[in-house]
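This report concerns only the one structure given below.
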Amino acid sequence: MEILLKKDVANLGYAGEIVKVKAGYAMNYLVPQGFATVATESVKKQHAETLRQRAHKEAKLVADAEALAATIGAQTVEVKVKVSESGKLYGSVTTMDLAEALNAKGLNIDKKDITILAGEVKEVGEYEASVKLYKAIKGTFKFNVVAE
């Protein structure tokens, strides 16, 4: 069954895409929750016209996201935390800490869009993180964990 997504759905697609799913998944979950509508011929025609109108806006969003990815890639963020004598952190560095550090540098990034590539950070050192900016565009940056 083909459906038109109204909202981004993880592991399925982004808002405005037409995707194929099983009928039960569409009719029992996606449509009642407001995530999608059934893609009839008239919905497909209307969607094609909307896509045509949005094409130039999409190009601008992609260009802005790529420029932001380059800006983020040039950044090295420093996160100050309390550490024990052995160099272990009290707690761990989270995406919230990284989002606050990026916001302090003037980059408005949400903590939900940040992924720490090393997993949990529990020691002083240099690590990498990834930021989801727009659809498939991601930026990576380095961050240093230092003692307060």
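It is to be established whether one or more residues within the stretch 133-143 are touching a residue at least 60 places away in the same chain (Cβ under 8 Å), part of a strand (DSSP E or B) and touching a Phe, Trp or Tyr at 6+ places or on another chain (Cβ under 8 Å). Among the residues of the stretch 133-143, at least one is touching a residue at least 60 places away in the same chain (Cβ under 8 Å), part of a strand (DSSP E or B) and touching a Phe, Trp or Tyr at 6+ places or on another chain (Cβ under 8 Å), which makes the answer yes.
Only residues that are more than 13 Å from A69 (Cα to Cα) and either touching a Phe, Trp or Tyr at 6+ places or on another chain (Cβ under 6 Å) or in a helix (DSSP H, G or I) (or both) were counted in the stretch 102-116, giving 4.
Among the residues of the stretch 117-132, those identified as outside any loop (DSSP other than H, G, I, E, B) and among the aliphatic types (A, V, I, L, M) are V121, A129, V131. Looking at the stretch 73-90, is at least one residue at pLDDT 90 or above, in contact with a strand residue (DSSP E or B) (Cβ under 7 Å, 6 or more places away or on another chain), surrounded by 14 or more Cβ atoms within 10 Å (Cβ to Cβ) and of a type in the set (D, E, K, R)? Within the stretch 73-90 (the criterion being at pLDDT 90 or above, in contact with a strand residue (DSSP E or B) (Cβ under 7 Å, 6 or more places away or on another chain), surrounded by 14 or more Cβ atoms within 10 Å (Cβ to Cβ) and of a type in the set (D, E, K, R)), the answer is no, since none of the residues qualifies.
Which residue out of A55, A70, A48 is closer than 26 Å to L102 by Cβ, loosely packed, with under 13 Cβ neighbours inside 10 Å and either out of contact with any helix residue (DSSP H, G or I) (no Cβ under 8 Å at 6 or more places or on another chain) or small (G, A, S) (or both)?
Just one listed residue meets the conditions, A70.
Taking each residue of the stretch 7-35 that is farther than 20 Å from E49 by Cα and looking for partners that are assigned to a helix (DSSP H, G or I) with beta-carbon atoms closer than 8 Å, six or more apart or interchain, yields V9/L30; V21/L30; F35/Y29. Name the residues in the stretch 1-36 that are more than 19 Å from E58 (Cα to Cα) and part of a loop (DSSP other than H, G, I, E, B), would you? Listed by number, the residues that qualify are M1, A10, N11, L12, V21, K22, G34, F35. All told, K138 meets the bar of being closer than 22 Å to G13 by Cα and surrounded by 12 or more Cβ atoms within 10 Å (Cβ to Cβ).
Residues in the stretch 7-18: is at least one more than 30 Å from G106 (Cα to Cα), exposed (fewer than 15 other Cβ atoms within 10 Å of the Cβ) and not small (G, A, S)? Yes. Of note, A55 satisfies the criterion of being at pLDDT below 95 and of a type in the set (G, A, S).
The values are calculated or read from the model by the stated rules, or taken from the named source; none is laboratory data. Remember, predicted model here, so these are calculated numbers, not experimental data. Cβ sites come from the backbone with ideal geometry, for glycine too, and all protein chains shown count toward neighbours.
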